[in-house]
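A short write-up of the structure that comes next.
The values are calculated or read from the model by the stated rules, or taken from the named source; none is laboratory data. As the structure is a computational prediction, the values presented were derived from the model and not from experiment. Using ideal geometry, Cβ is built from the backbone for each residue, glycine included, and neighbour counts are taken over all protein chains shown. These accessible areas exclude ligands, DNA and RNA; they are computed on the full protein's heavy atoms, side chains included. Shrake-Rupley method; radii C 1.70, N 1.55, O 1.52, S 1.80 Å.
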Amino acid sequence: MSVSGSSSKVRLMAMFVLLFALFSSQSSAAQVPLLMWSSEGLPPLASPAAGHITSNAQLTAYLTSAFGSGPNTVLLFLQDKLSKEDFTLFGGVFGNKQDSAFPNLEAALQASPSSVSLPALEWSDSSAMLTLLQEELDVSPVLVDADTLSHLSINTSASNLLLINLPYCTGLGKSCKEVLHENDGIIGEALSIMKDKGVHFTAMYTGLQPSRVIPERSMSQQAVGRSLLQTVEPTVKEPIIFNVTRNPCIMLWVQNLNISLTGEWIDLAAQPPSLDGSICNDSYSLLVLTYASGYTLRFAMRQRFYKVSARNWFTLDSVQLQSKDLTASYIGSRNIYAPAEYSFHCQSVTSFRDTLLVPSSNNNKNSTQWRLNFVDFQIQGFGLANGTNFSYASDCAGFFTAGIWMGLITSLLMLWIFVYGMHMIMQLNTMDRFDDPKGPSISVPQTE
């Protein structure tokens, strides 16, 4: 990607990272960035498409044209790890130069006649870049630092490959920004030394390996096409179904079947029940749930015809809990009912708070000792015409609750008082006669 010398390469590379993330359709294989600038100039390089990964063959072809046949001095800054994201996080890409960790690098790119930026260079192994430059220049690398570089005599009549190793933040006990800022200081010092020597050179800044690698996923493991990003919904429990001649006769779905005697709650819904003993016909249904823990629940339902509504209704006549020699019975027909072709649903069915299950008087002592709490309870014992689906549910929450009735009655009372007051005010009459002090007094007959 060829950019004019007056632009900031670090900021442009960071912006390229954003485009790369949006438009990349290539493999998520490891990549390292490469910055390259020269004191004399570089041949132009066509700008790659967003998301393009430059291959080693493409880089080799460009370096061949850049170095030509004459001697070249290459100053290679080889950092232990480097990725595009390092420029995005620490390069002050939004115009905040004071926050940038690369002030010397930015200044060098701006002062260079031309430069090349490759945000995504294919990476195969840590020695690939050094091997490539050795083959192009036909010379062995010389490891230097700022001190040795200042005393090094450079023969410009032959090619030179000067290598400066730079650390990364891993394991140094410093933040990445501090380490990159120190590396930028080393780059600035080395460039000043080369400028003082009056040597024409080409500088390159890249990494031995990427600092951040996105794991590659096989296409066979990915869903093809568009999909909504959503949380995975938990699996819904299957309802308890009692079948007669392979047809569903009784259905029960409940989130929790909580029972308690001594204060500790036991959820029977977490255990698989046995339905032995259950029966059903056109007028009576009995669902028996027997659990391996020794508890048995019986739901007795009956269907009746009511002349007032001219339709059949079913009621949950009783719920019976049996544990060893202890039996507790509860009456539900007063509160748990629905049209025969409907199901009944209630968010909470309890025997101790807002009771829908009233303790039976036959064994009142046992019934008051036990506490039942059925959460998200739905049952249907007749008219299962939808197969394994519940019919329309009649909910226990009425449309007019006690609070709604209280609000309506209070509002009507206040409205009646307001209307009555307005009526009384409108009935007031003003005086139509007034006393004239210059004339005779007004005489009001007592008979009027």
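Taking each residue of the range 64-82 that is acidic (D, E) and looking for partners that are surrounded by fewer than 19 Cβ atoms within 10 Å (Cβ to Cβ) with beta-carbon atoms closer than 6 Å, six or more apart or interchain, yields D80/P167.
The residue that is farthest from K84 (Cα to Cα), among those in the range 172-215 that are open to solvent by 80 Å² or more (accessible area, probe 1.4 Å) and assigned to a loop (DSSP other than H, G, I, E, B), is H200. Against the conditions (1) over 21 Å from L297 (Cα atoms); (2) touching a Pro at 6+ places or on another chain (Cβ under 7 Å), Y392 satisfies every one except (2).
For the range 68-87, state whether one or more residues are of a type in the set (S, T, Y), more than 17 Å from S114 (Cα to Cα) and at pLDDT 85 or above. Explain how you work it out, then say what you get.
Filtering the range 68-87 for residues of a type in the set (S, T, Y) gives 69, 73, 83.
Then keep just the ones that are more than 17 Å from S114 (Cα to Cα); that gives 69, 83.
Of the ones still in play, those that are also at pLDDT 85 or above are 83.
Yes, that holds for at least one residue.
Evaluate the range 426-436: report whether one residue or more is open to solvent by 100 Å² or more (accessible area, probe 1.4 Å), modelled with pLDDT of 75 or more and among the hydrophobic types (A, V, I, L, M, F, W, C).
Yes, because at least one residue in the range 426-436 is open to solvent by 100 Å² or more (accessible area, probe 1.4 Å), modelled with pLDDT of 75 or more and among the hydrophobic types (A, V, I, L, M, F, W, C).
The residue that is modelled with the lowest pLDDT, counting only those in the range 23-60 that are assigned to a loop (DSSP other than H, G, I, E, B), of a type in the set (A, V, I, L, M) and closer than 19 Å to D86 by Cα, is A29. Screening the candidates N362, N373 for the property of being touching a residue at least 12 places away in the same chain (Cβ under 8 Å), open to solvent by 90 Å² or more (accessible area, probe 1.4 Å) and within 30 Å of I266 (Cβ to Cβ) yields one hit, N362.
Picking from residues in the range 243-292 that are touching a residue at least 60 places away in the same chain (Cβ under 8 Å) and in a loop (DSSP other than H, G, I, E, B), the one that is farthest from S329 (Cα to Cα) is D282. Among the residues of the range 328-338, those identified as within 18 Å of F305 (Cβ to Cβ) and either open to solvent by 10 Å² or more (accessible area, probe 1.4 Å) or of a type in the set (S, T, N, Q) (or both) are S333, Y337.
Please indicate, with yes or no, whether at least one residue in the range 314-321 is under 25 Å from V244 (Cα atoms), exposed (fewer than 13 other Cβ atoms within 10 Å of the Cβ) and without any contact (Cβ under 8 Å) to a residue 40 or more places away in the chain. Working first, answer last.
Within the range 314-321, the subset under 25 Å from V244 (Cα atoms) is 314-321.
Pick out the ones that are also exposed (fewer than 13 other Cβ atoms within 10 Å of the Cβ) and you get none.
The answer is no; no qualifying residue exists.
Within the range 100-126, restricting attention to residues that are of a type in the set (S, T, Y) and more than 18 Å from R212 (Cα to Cα), the residue that is most open to solvent (accessible area, probe 1.4 Å) is S114.
Determine which member of the set Y284, Y306 is open to solvent by 80 Å² or more (accessible area, probe 1.4 Å) and over 42 Å from the mean Cα position of the chain (by Cα). First the steps, then the outcome.
Details: Y284 fails: open to solvent by 80 Å² or more (accessible area, probe 1.4 Å).
Result: Y306 is the single residue among Y284, Y306 that is open to solvent by 80 Å² or more (accessible area, probe 1.4 Å) and over 42 Å from the mean Cα position of the chain (by Cα).
Tell me, please, whether a residue that is surrounded by 12 or more Cβ atoms within 10 Å (Cβ to Cβ) and not hydrophobic (A, V, I, L, M, F, W, C) can be found in the range 409-422.
First, pick out the residues of the range 409-422 that are surrounded by 12 or more Cβ atoms within 10 Å (Cβ to Cβ): none.
No: zero hits.
Only one entry of L105, L137, L149, L161 meets the criterion of being closer than 13 Å to T206 by Cβ and in contact (Cβ under 8 Å) with a residue 24 or more places away in the chain, and that entry is L105. Checking each residue in the range 124-142 for being among the hydroxyl-bearing types (S, T, Y) and assigned to a loop (DSSP other than H, G, I, E, B) picks out S124, S126, S127, S140.
I want to confirm something. Restricting to the range 343-356 and keeping residues that are over 18 Å from S285 (Cα atoms) and among the hydrophobic types (A, V, I, L, M, F, W, C), which single residue is surrounded by the fewest Cβ atoms within 10 Å (Cβ to Cβ)? Explain how you work it out, then say what you get.
Our first condition is that a residue be over 18 Å from S285 (Cα atoms); within the range 343-356, this holds for 346-356.
Next cut, among the hydrophobic types (A, V, I, L, M, F, W, C) only: 346, 349, 352, 356.
On the way: C346: 21, V349: 28, F352: 13, L356: 21.
Per the stated criteria, the residue is F352.
Of all the criteria given as (1) open to solvent by 50 Å² or more (accessible area, probe 1.4 Å); (2) farther than 19 Å from S367 by Cβ, the one not satisfied by I266 is (2).
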